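Everything on this sheet refers to the single structure shown next.
Where a number appears in this text, it was derived from the coordinates with a stated rule and is not lab data. Computed from a predicted model, the values in this text were never measured in an experiment. Glycine also receives a Cβ, built like all others from the backbone with ideal geometry; neighbour counts cover every protein chain displayed.
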Amino acid sequence: MLDFEQAGVQAGFERPKSEIRSMVSRLLSSRVALRLILAAAAFVSPVALPAQDLGGAAKILVMTGRVSVLKDGTEWARSSGDVVQPRQIVVTGPDSYAKFQLADGSTFEVFENTKTVFRDTPGWGELINVLIGRVKVYIEHRNGPNPQRVTTQTAVISVRGTVFDVVVEDEDATTFVSVEEGTVNVRHQRFGGNGVDLRTGDSVRVFKDQPLARVVDKGGAARVALRAAAQAVYDALYRRSIGGGSPGGTTGGGTAGGGTGAQGDKGPSKNGGAGGPNGGGTAPPPPPPPGP
């Protein structure tokens, strides 16, 4: 009799132990599953990408009008806060503008009717390849020299830390380079050589079938014109921001790929602003740069 009672007591203890093991097993499985879900969410979620942890990408700080990336011949609209990855082609429409920031704090501005490739070649040496239109580059060098290159079909512009404009003026890739601050070296893509060094206030025009001119324009007429055009863009952004307008694109999507995340495609860009016909972001415009 005692043996049966002992057996019954033992069985009574064994059953809870098995249930506890099952509960623990389920709990551990749920924790593993939760970790996998969180890891996957962190991988795909744009929120998981801190503003300062861009890696090789460039983030849109502020924009207006139609700003897109070109994929398989189709323009996909971008919005303020989106990122552009290496090898992507950035396209701006009429009356459009965007300012991008890199992980090291450097920035570049893309003005209207421009097509440029971001980091066209492997590595971080080449910043942008301007196919047509105008860009303005601000290379951050607080921590020492920051070697970067901007290229066109006719010119290679090498910098360490400076502010300068690059304009590809026509289908022959005639390239105008103007330095607002610092020093850049400009050489011809076809003819090579040591190139010419441009310093603050200098500019040069590079033609497709002509060796690089050794005479550097120090008159500044073209540089003043570029600065006036840039100031007009900054003024327009400022007026839109204080008037309740939209310096940035919306986060809405088009009919294809219409995601709304910070890195998602917003759909093909047609005649409206990025992600929609009217824009809708609220990012403040960049302040005008200091005078030369």
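Ranked by the mean number of other Cβ atoms within 10 Å of their residues, highest first, the peptides 76-86, 195-205 fall in the order 76-86, 195-205. Ordering 158-164, 98-104 by mean Cβ neighbour count within 10 Å, with the highest value first, yields 98-104, 158-164.
Taking only the C-alpha atoms of region 81-230, Rg followed by Dmax gives 14.2, 42 Å.
Which order do the peptides 179-191, 57-69 take when ranked by the mean count of other beta-carbon atoms within 10 Å per residue, highest first?
Peptide ranking by packing, descending: 57-69, 179-191.
For region 166-180, the residues whose amide N sits under 15 Å from a probe point set 7 Å from the Cα of L70 along the beta carbon direction are 168-173.
Cβ under 13 Å from R149's Cβ, R149 left aside: what net charge do those residues give with Lys, Arg +1 and Asp, Glu -1? Overall, the nearby charge balance is +1.
A 18 angstrom limit on the alpha carbon distance is what I want to check against. Which of K71/K208; K115/K136; K99/K218; K99/K208; K71/K136 exceed it?
The answer is K71/K208; K99/K218; K99/K208; K71/K136.
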